[in-house]
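> Can you keep this structure in mind? I'll have questions shortly.
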Amino acid sequence: MNTSSKRRLTRWAAAVGAAVCLMLMPAAAAAEGSAVLSNADLMPRWVPDDQVTVDEKGTPDWVKSLVMAQLRVESVSETGDFAGAIRVLDHYQEMGVNGLWLNPVYERTEENRSGFNNGYSAKEPDRIDRKIAGTADREAGFAAAKAFVDEAHSRNIRIFFDIVAWGVDKTSSLVEQHPTWFQRSGVFSEGWGGYLFNFSVEECREWFINNAVEIALKTGIDGFRCDLEPSITGY
């Protein structure tokens, strides 16, 4: 184990030990003169894509130092939106977490928005959910997401959106506008309570790719976590 690894392990052990001590101490004693341990200075600096180096396989260097955590925007604050989630970024930075994977943040039905399926049944996968964004306007929704991502980057934290690759809710406008994207031999393919994408349809495949690129460019995220791969899209 190199010196840097030993130092990181020591700091984590100290943080855990301090947390246990604080839980055992009376509240007044814990508040009196106790120092906050922070791993923030151990986190690699976030840099824009044009300053990222990659290895011979095309893997960006920051992948090798990721400390990941999962974040569900709806649950991480009382408001359940990106604005509220910004307020917990300092906590992750102090822990030394430099990568956050977000549960799906796309427009959903009211049933899904209230907790069902954690957003994995997207109604409109090309826009941010109005509750999470704090607005029903599509472009303003992307702007709210970017504000959160920018705040994370300022703390050297990279953000990864979950991308829903299996399909959409049956009430999605995509089903009405492009029914063949969800059919095999003229019959709708069902799964997980919705309709499955048919990626053998070139138009569907191109839309999905372009939508992912648009989301990444408009929000500034650092990548996607792909659900159900490679069984759905084949990647």
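The values are calculated or read from the model by the stated rules, or taken from the named source; none is laboratory data. Source: prediction; values computed, not measured. Every residue, glycine as well, gets a Cβ built from its backbone with ideal geometry; the counts of neighbours run over all protein chains shown. What goes into the accessible areas is simple: the full protein's heavy atoms, side chains included, and nothing from ligands, DNA or RNA. Shrake-Rupley method; radii C 1.70, N 1.55, O 1.52, S 1.80 Å.
> Using θ = phi - 60° and the Karplus relation 6.51 cos²θ - 1.76 cosθ + 1.60, list the HN-Hα couplings for the stretch 79-89 in order, rounded to whole Hz, with x at every Gly or Pro.
7, x, 9, 4, 4, x, 5, 4, 5, 9, 5
> Could I ask something else about it? Once amide H atoms are built 1.01 Å from N in the peptide plane, which residues 5 or more positions from Leu196, or in another chain, come under 5 Å H to H?
Ser189, Glu190, Gly191
> Let me ask something additional. Per-residue HN-Hα couplings for the stretch 217-223, Karplus 6.51 cos²θ - 1.76 cosθ + 1.60 at θ = phi - 60°, whole Hz, x for Gly and Pro?
Once rounded to whole Hz, the list reads 5, 7, 9, x, 4, 9, x.
> Among 163-175, 45-57, what's the highest-first ranking by average C-beta atoms within 10 angstrom per residue?
My ranking of the peptides, most packed first, is 163-175, 45-57.
> Going by average Cβ density within 10 Å per residue, which order do the peptides 96-105, 207-216 take, highest to lowest?
96-105, 207-216
> Here's something else I'd like to know. Tell me the Rg and the Dmax, in Å, that the Cα atoms of the stretch 150-235 produce.
When restricted to the Cα atoms of the stretch 150-235, Rg and Dmax are 14.8, 50 Å.
> Now a separate question. Take the Cα atoms of the stretch 60-114, build their convex hull, and give its volume per residue in Å³.
Roughly 93 Å³ of hull volume per residue.
> Return the long-range amide H neighbours of Ile159 (sequence gap of 5 or more, or a different chain), with a cut-off of under 5 Å between placed amide H atoms.
Leu100, Asp222
> Rounded to the nearest Å, what's the spacing between the alpha carbon centres of the stretch 178-230 and the stretch 41-102? Just the number, please.
The distance from the Cα centre of the stretch 178-230 to that of the stretch 41-102 comes to 25 Å.
> Here's another thing I want to ask about it. Please list, in order along the stretch 149-154, the HN-Hα scalar couplings obtained from phi with the Karplus expression 6.51 cos²θ - 1.76 cosθ + 1.60 (θ = phi - 60°), rounded to whole Hz, x for Gly and Pro.
Computed from phi, the couplings for the stretch 149-154 are 4, 4, 5, 5, 4, 5 Hz.
> Of the heavy-atom accessible surface of the stretch 41-150 (probe 1.4 angstrom), what whole percent is carbon and sulfur?
It is 50 percent, rounded to a whole number.
> I would also like to ask the following. Kirkwood hydrodynamic radius, computed over distinct alpha-carbon pairs, for the stretch 95-209: how many Å, to one decimal?
Mean inverse Cα-Cα distance, inverted, gives 15.2 Å.
> Cα to Cα, under 22 Å, and not fewer than 8 places away if on the same chain: which lysines meet these conditions relative to Lys123?
Cross-link targets: Lys131, Lys146, Lys170, Lys218.
> Out of all DSSP beta bridges with both ends in the stretch 95-235, state the antiparallel percent to the nearest 5.
Of the beta bridges lying entirely in the stretch 95-235, close to 55 percent run antiparallel.
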